[in-house]
Amino acid sequence: MNHRSLLYYDTFETPLGLMTIVVNDEGVCRIDYGKFEDRIAFYQAWKKKHFLKGEFVYEPEHEYVVQTKNELNEYFKGEKAVFTLPLNCYGTDFQRKVWRSLLHGIPFGETRSYKDIAAEMKSPKAIRAVGGAVNQNPFSIVVPCHRVIGSNGKLVGYAGGIEKKQHLLEFEKEHAAVPHKS
């Protein structure tokens, strides 16, 4: 896979702090906590790992950047539970399978354990591998890894920090009964 398209990005403010969106002309590639400039080494390594040749270009008006910001803003207002973004996933086949399972298998306002996800994927012994894939999720909030908890019901691991994970789970529980846009 040798992509030469440009990678566009923007950083924007959310109720949980700054988030950076990275897209290309095929879709949304990453949604991460933090400011682009503070994560440039990470993004360069990610680009190299996936053989992406394009440069990063600040472009807040790119259609996928705008769509992502709009959908995340609707989510944070409690108006959206299901995202319709075109996701352009870079990862192993197993990682993409786990991310699809998170996206389609954990409804808004609910949680699942790593063990539950492994069982749903018909790989009950792959709990650690599922955990590794969840840890590499490139789409914060949109692919709801914040809804994954330990088998004992405890909050474990989250790229944005446990406080953000707890906030998102409480927020979703509070808004679960409200009708949402799709």
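The values are calculated or read from the model by the stated rules, or taken from the named source; none is laboratory data. All values derive from a computational prediction rather than experimental measurement. Heads up, the Cβs are rebuilt from the backbone with ideal geometry, glycines too, and the neighbour counts pull from every protein chain shown. Calculation scope for accessible area: heavy atoms of the full protein, side chains included, ligands and nucleic acids excluded. Shrake-Rupley method; radii C 1.70, N 1.55, O 1.52, S 1.80 Å.
Pairs please, first residue from region 64-84 and farther than 19 Å from L103 by Cβ, second anywhere and assigned to a helix (DSSP H, G or I) and open to solvent by 20 Å² or more (accessible area, probe 1.4 Å), Cβ atoms under 8 Å, 6+ apart in sequence or on different chains.
G78/F171; G78/E174; G78/H175
Identify, please: which residue in region 27-52 is open to solvent by 60 Å² or more (accessible area, probe 1.4 Å) and either within 17 Å of the chain's Cα centre (by Cα) or of a type in the set (V, I, T) (or both) and is, among those, nearest to K69 (Cα to Cα)?
Across region 27-52, the extreme among qualifying residues is K35.
Go through (1) surrounded by 14 or more Cβ atoms within 10 Å (Cβ to Cβ); (2) out of contact with any Gly (no Cβ under 9 Å at 6 or more places or on another chain); (3) more than 25 Å from G132 (Cα to Cα) and name the single condition E13 misses.
(1)
What's the total number of residues in region 110-120 that are within 21 Å of G78 (Cβ to Cβ) and either open to solvent by 60 Å² or more (accessible area, probe 1.4 Å) or over 16 Å from the mean Cα position of the chain (by Cα) (or both)?
The total comes to 1.
Scan region 31-54 and tell me whether some residue there is of a type in the set (D, E, K, R), in a strand (DSSP E or B), under 26 Å from I162 (Cα atoms) and at pLDDT 95 or above.
Yes: region 31-54 contains one or more residues that are of a type in the set (D, E, K, R), in a strand (DSSP E or B), under 26 Å from I162 (Cα atoms) and at pLDDT 95 or above.
Which of the residues that make up region 133-154 are open to solvent by 20 Å² or more (accessible area, probe 1.4 Å) and either touching a residue at least 40 places away in the same chain (Cβ under 8 Å) or farther than 21 Å from G34 by Cα (or both)?
Q136, I149, S151, N152, G153, K154
Given the condition open to solvent by 60 Å² or more (accessible area, probe 1.4 Å), assigned to a helix (DSSP H, G or I), farther than 16 Å from T14 by Cα and among the acidic types (D, E), answer yes or no: does some residue in region 90-97 qualify?
yes
Consider F42 against the criteria (1) in contact with a Gly (Cβ under 6 Å, 6 or more places away or on another chain); (2) free of Cβ contacts under 8 Å to residues at least 12 places away in the same chain: it satisfies all of them except one. Which criterion is unmet?
(1)
Give the residues of region 62-80 that are open to solvent by 20 Å² or more (accessible area, probe 1.4 Å) and either aliphatic (A, V, I, L, M) or closer than 11 Å to F139 by Cα (or both), sorted by residue number.
Across region 62-80, the qualifying residue is only V66.
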